1. Looking at the stretch 112-125, is at least one residue modelled with pLDDT under 90 and assigned to a helix (DSSP H, G or I)?
2. Cβ-Cβ distance below 9 Å, separation of 6 or more or different chains: which pairs start in the stretch 1-26 with a residue that is in the same structural domain as LEU56 (by TED's automatic domain parsing) and β-branched (Val, Ile, Thr) and end on one that is loosely packed, with under 13 Cβ neighbours inside 10 Å and at pLDDT below 75?
3. For ARG170, work out the one condition from (1) without any contact (Cβ under 8 Å) to a residue 60 or more places away in the chain; (2) under 23 Å from GLU152 (Cα atoms) it doesn't fulfil.
4. Starting from the stretch 195-224, keep only residues that are surrounded by fewer than 16 Cβ atoms within 10 Å (Cβ to Cβ), then list their pairs with residues that are modelled with pLDDT under 80 and part of a helix (DSSP H, G or I) whose Cβ atoms are within a distance under 6 Å, requiring at least 6 positions of separation or different chains.
5. Right, ALA89: of a type in the set (Gly, Ala, Ser) and at pLDDT below 80 or not?
6. Kindly establish whether SER41 is exposed (fewer than 15 other Cβ atoms within 10 Å of the Cβ) and modelled with pLDDT under 85.
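The values are calculated or read from the model by the stated rules, or taken from the named source; none is laboratory data. Predicted model only: the values in this text are computed from it and were never measured. Here the Cβ positions follow ideal geometry from the backbone for every residue, glycine too, while neighbour counts run over all protein chains shown.
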Amino acid sequence: MIEDFQTLFVFTITAKDVIANILVAMTCGFLIAFLYKYTYSGLNYSAAFTVSLIMLTMITAVVIMVIGNNLARAFGMVGAMSIIRFRTAVKDASDIMFIFFALTIGLASGVKLYSIAFLGTFFIGFVYFVISKMNFALPKKREFLMQIVAREEELEENPFNEVLRKFCSRHKLVNVKSMGEEKQLMEFSYYVHLKDENKGGSMVSELKSVGGVEQTNLFFDETS
């Protein structure tokens with residue numbers, strides 16, 4: 001019993017094991033980073049974050065090898081890691097998922113569970129790839145943000161409603177603000193659902209032809 005207890009604090013690993021674990025972690029890290037780069041569809045893509053996924057997978061594997069089955073090292077590592085403060089806010093939920101993905105695969109690589117590391121990377125990566133290509137979470141009709149800048153003194157009553165009814169199944173005025181005192185410019189913001197998303201350019205052109213309109217912008221609302 002005593003000998004079994006003492007083996008908890010003994011952890012032997014060869015240089016060959018270290019190299020193999022790191023290589024497996026690096027390979028899986030590259031696959032995870034490539035998946036992230038290929039499927040990312042947001043507006044804030046970061047090359048540094050993509051590289052960090054590879055390094056995070058490898059570093060996690062090294063950390064697990066350092067800890068081994070030594071409880072003292074484990075508690076020491078927790079204390080050391082608690083000093084680190086992460087100042088960069090994660091803006092995209094998928095980024096958090098990829099961070100945990102890299103951590104998990106790094107853990108598996110560090111304890112020589114190579115089959116779990118590779119199969120987990122391929123299976124989870126394949127499922128995420130299919131879901132992203134199917135646009136599984138997107139609504140059938142996307143919501144767009146329409147911004148119109150116009151001269152207030154030249155606008156008629158409800159000047160945009162006719163054009164919006166022509167191209168939109170739904171539209172809602174969400175904000176009106178003054179852009180300047182000299183020209184009396186006003187900015188009108190609408191949430192719109194287009195009847196045909198391919199005709200967004202035609203709607204913008206017709207709105208620009210409305211008297212008093214100086215600028216028109218149509219954006220896809222990422223928060224919808």
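1. Taking every residue of the stretch 112-125 in turn, none turns out to be modelled with pLDDT under 90 and assigned to a helix (DSSP H, G or I).
2. From the stretch 1-26, the pairs are THR7/ASN69; VAL10/ASN69.
3. (2)
4. Listed by first residue and then by second, the contacts come to GLY211/GLU154.
5. Working: of a type in the set (Gly, Ala, Ser): yes; at pLDDT below 80: yes.
When the stated conditions are applied, ALA89 passes them.
6. Working: exposed (fewer than 15 other Cβ atoms within 10 Å of the Cβ): yes; modelled with pLDDT under 85: yes.
Taking the combined requirement at face value, the residue satisfies it.
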